[in-house]
Amino acid sequence: MPRYLISFENGAMDHIPEEDIPEVGKAAHAVVQEAKDAGVLRFAGGFDYAAGMEHAVVGTDGLVMDGPYPESKELIGGVLIVSVPTREEALTWAAKIAAACRCAQDVRTFMDDPDLIE
């Protein structure tokens, strides 16, 4: 079954007032639980670079460059990976998480590689 990465950029939730964060977290957890109950959840998690979460880039030569790099728009703020039959279903889950997290979601399809699936 196809797998989809649903994600948002680091900083995408910065517009949310501090007092609303617990409500947003509760709503996001409810969507993740719904995906879990539906049997489509493969993974979910978020990143908090401000709290000291480590970020590194490892080059092809093995050189490690420690981050985070706040100027990078490529940092991911959070992810949800679902396994659903159609892109439309993935978009439905993305809409649910977008409403819960109050920010737009990026949806990408994983390449199908049967040798990498458990």
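Tabulated values for the structure
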quantity: Separation in nanometres of the label points that stand 7 Å from Cα toward Cβ, at Asp112 and His15; calculated: 3.7 nm
quantity: Over the chain: helical MRE at 222 nm, DSSP H runs n ≥ 4 each giving -39500 (n - 2.57), nearest 500; calculated: -9000 deg cm²/dmol
quantity: Alpha-carbon centroid distance for the pair the range 86-114 / the range 1-46, whole angstrom; calculated: 10 Å
quantity: Net +/- balance of residues flanking Thr109 in space, Cβ distance below 11 Å, scoring K and R +1, D and E -1; calculated: +2
quantity: Phi to ³J(HN,Hα) by Karplus 6.51 cos²θ - 1.76 cosθ + 1.60 over the range 82-95, Hz, x for Gly, Pro; calculated: 10, 10, 9, x, 9, 4, 4, 5, 4, 5, 5, 5, 4, 5
quantity: Cα gyration tensor shape for the chain, rounded if a/c is under 1.5, else prolate or oblate; calculated: oblate
quantity: Check: the chain dipole with +1 on Lys, Arg Cβ and -1 on Asp, Glu Cβ, in debye; calculated: 400 debye
quantity: Local electrostatic count, Leu91, Cβ distance below 13 Å [Lys/Arg +1, Asp/Glu -1]; calculated: 0
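Each value in this text was obtained by applying a stated rule to the coordinates, not by laboratory testing. The model shown is predicted, which means the values in this text are computed figures rather than measured ones. Cβ coordinates were reconstructed from backbone atoms using ideal geometry, including for glycine residues, and neighbour counts include every protein chain displayed.
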